[in-house]
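The values are calculated or read from the model by the stated rules, or taken from the named source; none is laboratory data. It should be emphasised that the depicted structure is a prediction, and the values quoted were computed from it without experimental measurement. Neighbour counts run over all protein chains shown; Cβ positions are idealised from the backbone, glycine included. Heads up: the accessible areas ignore ligands, DNA and RNA and are worked out on the full protein's heavy atoms, side chains in. Shrake-Rupley method; radii C 1.70, N 1.55, O 1.52, S 1.80 Å.
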Amino acid sequence: MVEKNNPEYKNALLEMAGEIGNNPLVKPIIDQLVYDFIRSPECKKAFGEYAKRKITDKLGL
């Protein structure tokens, strides 16, 4: 078993994910899923709340 914090393992996983994401058969599916997720009302609401929280934290309010 590989250690959790092994940088070589993490880099290999990221490289493999990049290869899968660039596959011409898989990329359109991933793009559509991301587009649908970003356009969803739940995502917009969550992002709005996150942005509001980050702004108030930065301003110290």
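Some points to look at:
- Of all accessible heavy-atom area on the chain, the percent that carbon and sulfur account for (1.4 Å): 63 percent
- The chain shape via C-alpha gyration tensor axes, a/c threshold 1.5: oblate
- Evaluated over the chain, the count of Lys pairs having alpha-carbon atoms less than 23 Å apart is 6 (only pairs 8 or more residues apart or interchain).
- For the stretch 5-16, Karplus couplings with θ = phi - 60° (6.51, -1.76, 1.60), whole Hz, Gly/Pro x: 9, 6, x, 5, 5, 4, 5, 5, 5, 5, 5, 5
- Label separation (Ser40 vs Arg53): 1.8 nm, computed from points 7 Å beyond Cα along the C-beta direction.
- In this structure the chain gives 97 Å² per residue of accessible area when probed at 1.4 Å with all protein chains present.
- Farthest towards the positive end of the charge dipole of the chain, among the residues Asn5, Val26, Pro41, is the Cα of Pro41, using unit charges on the Cβ of Lys, Arg, Asp and Glu.
- Taking 0.36 nm per residue of separation and subtracting the Cα-Cα distance, full extension of the segment from Leu13 to Asp31 would add 4.5 nm.
- MRE, 222 nm, helices only [DSSP H, n ≥ 4, -39500 (n - 2.57), over the chain, to nearest 500]: -25500 deg cm²/dmol
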